[in-house]
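To start, the structure under review is shown below, and the notes come after it.
Please treat every number below as a calculation from the coordinates, not as lab data. What you see is a predicted model; the values in this text were computed from it and never measured. A quick note on method: Cβ atoms are made from the backbone with ideal geometry, for glycine too, and the neighbour counts reach across all protein chains shown.
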Amino acid sequence: MEPRAYRKIIVVAEGPVATITLNNPERRNAIGPEMVNELRWALADAAEDEAIRVVVLTGAGKAFCAGADFSAITAGESGALQPFDSDGGDYAKLLPTMCGYSKPLVAKVNGHAMGGGLGLVAASTFAFASIDAQLGTPEVDVGLFPMMIMAVLTRLVPRRRLTQMMLLGERIDAHEAAELGLLNECHPPEELDARVAELAGKLAGKAPLALKHGLEALYAQDSQRIEDALPMLREKLGVLLGTEDAREGLMAFLQKRKPEFKGR
């Protein structure tokens with residue numbers, strides 16, 4: 001991955017796994033335009049790097065992300081890193097990137113995830129959290145509303161429960177978040193790193209093209225009728241059947257050995 005002059009995130013690539021750490025611990029990793037811009041650069045770089053197969057997103061310190069950094073937003077924050085595009089710090093552009101990401105994106109929720117931070121969790125492919133973490137939508141308590149993150153939360157949380165959360169500004173613990181589908185799993189803090197590393201290792205061992213096309217198909221069929229989705233899914237399957245990885249996987253199955261996927 002290309003090194004960049006990040007100020008609000010840290011990016012570390014170790015083998016096939018890239019870890020992006022929100023790095024504004026003094027403000028509990030509150031997210032503003034500069035951090036959004038840097039996240040978009042990091043995600044784009046990881047997507048283009050064939051050596052990277054999984055991306056982990058976490059927070060520095062005791063919090064995952066406390067939500068919007070209102071001081072940075074009202075001050076018109078700008079950073080040293082060039083804008084990702086004409087509006088690089090737009091959170092409304094970050095969420096679709098994450099929801100349509102071509103590689104598994106794992107949120108390692110090491111602490112509280114509120115507001116916009118909860119949006120990052122909901123937009124990730126997987127979300128594993130510490131049992132100490134709380135997740136919530138407190139915007140209404142300051143006269144606002146979780147408008148943008150509603151788009152990703154409605155895909156995961158039952159409507160009545162989500163409406164209650166948003167209108168009352170509720171915070172829920174990690175166990176309830178897992179029951180609602182906001183999290184895959186929650187673990188004691190001392191076990192979280194190992195559990196996420198285990199998941200990332202398993203994902204990295206899968207055929208990267210199968211994951212890429214599978215994720216693309218999953219996102220595409222979300223808004224389609226079954227009559228329209230099935231031809232698209234059949235076409236995607238045909239593409240995969242023509243890859244070297246599929247041939248290797250089928251041959252390895254017949255020969256009762258572990259496949260060696262190369263992303264071709």
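Among 201, 67, 116, the largest mean-square fluctuation in a Gaussian network model of the chain (Cα springs under 10 Å) belongs to 201. Among the helices of the chain, those built from whole DSSP H runs whose Cα atoms reach 15 Å or more along their own axis and whose mean Kyte-Doolittle hydropathy is at least -0.5 are 33-48, 189-204, 208-221, 226-241, 244-255.
Taking the DSSP beta bridges with both ends in the chain, the antiparallel portion is around 30 percent.
With a 10 Å cut-off between alpha carbons and a GNM built on the chain, which of 184, 37, 29 moves the most? Between 184, 37, 29, it is 184 that shows the largest mean-square fluctuation.
From the cross-link list 93/212; 103/206; 93/262; 62/103; 62/108; 8/62, which pairs have alpha carbons spaced over 22 Å apart? Walk me through the numbers before you get to the answer.
Details: 93/212 20 Å; 103/206 11 Å; 93/262 31 Å; 62/103 27 Å; 62/108 12 Å; 8/62 16 Å.
Checking Cα-Cα distances, 93/262; 62/103 exceed 22 Å.
Counting only Cβ charges, +1 for Lys and Arg and -1 for Asp and Glu, the dipole size of the chain around its Cα centre is about 660 debye. Across 92, 51, 18, mean-square fluctuation computed from a Gaussian network of the chain (C-alpha pairs under 10 Å connected) peaks at 92.
With both labels modelled 7 Å from their Cα along Cα-to-Cβ, the residue 93 to residue 226 distance reads 3.9 nm.
This ranking places 222, 245 by how few other beta-carbon atoms lie within 10 Å of each, fewest first, which gives 222, 245.
With a Förster radius of 35 Å applied to the beta-carbon distance between residue 2 and residue 239, the computed FRET efficiency rounds to 0.80.
What are the trypsin sites (Lys or Arg not before Pro) within region 146-189 that DSSP puts in a loop, where the Cβ has at most 14 other Cβ atoms within 10 Å?
Numbers: sites: 155, 159, 160, 161, 171; in loops: 155.
Counting only loop positions with at most 14 other Cβ atoms within 10 Å, the trypsin sites (Lys or Arg not before Pro) in region 146-189 are 155.
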